[in-house]
Amino acid sequence: MTRVLSCIQPTGEVHLGNYLGALRNWVSGQHKADVFHGIVDLHALTVTEEPGVIGRNTLQLAAVLFAVGLDPDVATVFVQSHVPEHSQLGWIMECTVSFGELSRMTQFKDKSAKREAEFVSAGLFTYPALQAADILLYDANEVPVGDDQRQHIEITRDIAMRFNHRFGETFVIPKSVTPPSGARIMDLLNPTSKMSKSGDEDTGVIYLLDDPAKIEKKFKRAVTDSETEVVFDRERKPGVSNLLEILAAATGTTPQKAAETYTRYGDLKAASAQAVIAMLEPIQARYFELLNDQGELMRLLHKGNGRAKEVASKTLSRAQKAIGFLSAE
Ligand code: AMP
Ligand code: TRP
């Protein structure tokens, strides 16, 4: 069976783009492959300094992952720092990647530039080595990620091949896969840029936990254009097309079909808001149920952590043996 792995950082709130572009595909994918999904809190440490924040975000993100439909009996949902093999293989990966390779990573260039006067940790630089460990520990065949992560999967492949060449066949060479639906959700106020938790204007971003009134308000304010025709055309009508894309994704149709039903922008906005509210309602209910029962939430995570550790510890010792470290036994 194909092994699939993808991870998400516990930084900031989960938004509609995360859900429609990634999490929803994780849920539909869980019955087609052997899936592993990590909440990568060690990665979040590269940009988080405030005590307590990462742990709180990790718990909330775990509740989101189960609330959207990841089934703890089917999918392995784990916390990165609870499986210490990530840190252990991470160091080995750092010694298998070159300074030059890491220097070419666009995410590092972007993130470090954005941090201007802030602290830029060495961890932000070596981040892809830890990500390679995440992937290689699970013998993942496929890694579903958005465009922005493709370079990190490429470097993981390079690292795995280099390691296998130096020390003998140890790691499965993974490949990145583009999620099937390809939903790319744009900011409601700025429909030519991606909906993103780092966006400045919060009001163009729908968060998974927004209440109905907030969602309605945000859709009402959504930027469209000065025309009046409801047609799907991303180039010419980015705002209207984004609404159609969201409406279609929330109701299981295509943006083109959705366009045939509406003639006025106001109606399209209202329908999109209602569709999103209806889609999120059961997710929110389950989320709050889980957060109110932390014992249950921790039980689900322990289950995932245990299964993750079983696989990860075998791969780590395979790598250690291949290198030929003196055995502690
Ligand atoms: P991020 O929030 O950037 O860490 O992304 C987490 C996951 O959500 C990644 O797999 C992204 O590809 C996906 N994602 C983030 N923003 C969007 C968006 N606006 N539309 C579709 N997918 C997105
Ligand atoms: N770097 C990814 C992101 O920013 C998160 C991530 C960490 C990841 N490890 C991973 C994604 C392993 C896929 C596989 O979204």
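Among the residues of the range 5-20, which ones are under 10 Å from the mean Cα position of the chain (by Cα) and within 11 Å of ligand 2 (Cβ to nearest atom)?
Ser6, Cys7, Ile8, Gln9, Pro10, Asn18
Among Asp158, Asp148, which is the only one that is within 14 Å of ligand 1 (Cβ to nearest atom), of a type outside the set (A, V, I, L, M) and in the same structural domain as Phe36 (by TED's automatic domain parsing)? Show your work before the answer.
Working: Asp158 fails: within 14 Å of ligand 1 (Cβ to nearest atom).
One residue alone meets the criteria, Asp148.
Looking at Tyr127, Tyr138, can you tell me which residue is buried (at least 16 other Cβ atoms within 10 Å of the Cβ), within 15 Å of ligand 1 (Cβ to nearest atom) and touching a residue at least 12 places away in the same chain (Cβ under 8 Å)? Show your work before the answer.
Numbers: Tyr138 fails: within 15 Å of ligand 1 (Cβ to nearest atom).
Sole residue among the options that is buried (at least 16 other Cβ atoms within 10 Å of the Cβ), within 15 Å of ligand 1 (Cβ to nearest atom) and touching a residue at least 12 places away in the same chain (Cβ under 8 Å): Tyr127.
Have a look at Arg184, Arg162 and point out the one that is more than 13 Å from ligand 2 (Cβ to nearest atom), open to solvent by 60 Å² or more (accessible area, probe 1.4 Å) and under 14 Å from the mean Cα position of the chain (by Cα). I'd like the intermediate steps shown before the answer.
Details: Arg162 fails: under 14 Å from the mean Cα position of the chain (by Cα).
The conditions single out Arg184.
Given the options Ala278, Ala249, Ala270, name the one that is at negative phi, modelled with pLDDT under 95 and part of a helix (DSSP H, G or I).
Working: Ala278 fails: modelled with pLDDT under 95; Ala270 fails: modelled with pLDDT under 95.
Exactly one residue qualifies, and that residue is Ala249.
Need the failing condition index for Ile173 against (1) part of a loop (DSSP other than H, G, I, E, B); (2) more than 14 Å from the chain's Cα centre (by Cα); (3) touching a residue at least 60 places away in the same chain (Cβ under 8 Å); (4) within 16 Å of ligand 2 (Cβ to nearest atom), just the number.
(3)
Return yes or no: is Thr2 of a type in the set (Ser, Thr, Tyr) and more than 14 Å from ligand 2 (Cβ to nearest atom)? First the steps, then the outcome.
Numbers: of a type in the set (Ser, Thr, Tyr): yes; more than 14 Å from ligand 2 (Cβ to nearest atom): yes.
For Thr2, the condition - of a type in the set (Ser, Thr, Tyr) and more than 14 Å from ligand 2 (Cβ to nearest atom) - is met.
Looking at (1) within 13 Å of ligand 1 (Cβ to nearest atom); (2) open to solvent by less than 50 Å² (accessible area, probe 1.4 Å); (3) at pLDDT below 95, can you tell me which one Ile206 breaks?
(3)
The values are calculated or read from the model by the stated rules, or taken from the named source; none is laboratory data. Predicted, not measured: the structure shown is a model, and the values here were computed from it. FYI the Cβ positions are ideal-geometry reconstructions off the backbone, even for glycines, and counts take in every protein chain you see. SASA here: full protein model, heavy atoms, side chains in, ligands and nucleic acids out. Shrake-Rupley method; radii C 1.70, N 1.55, O 1.52, S 1.80 Å.
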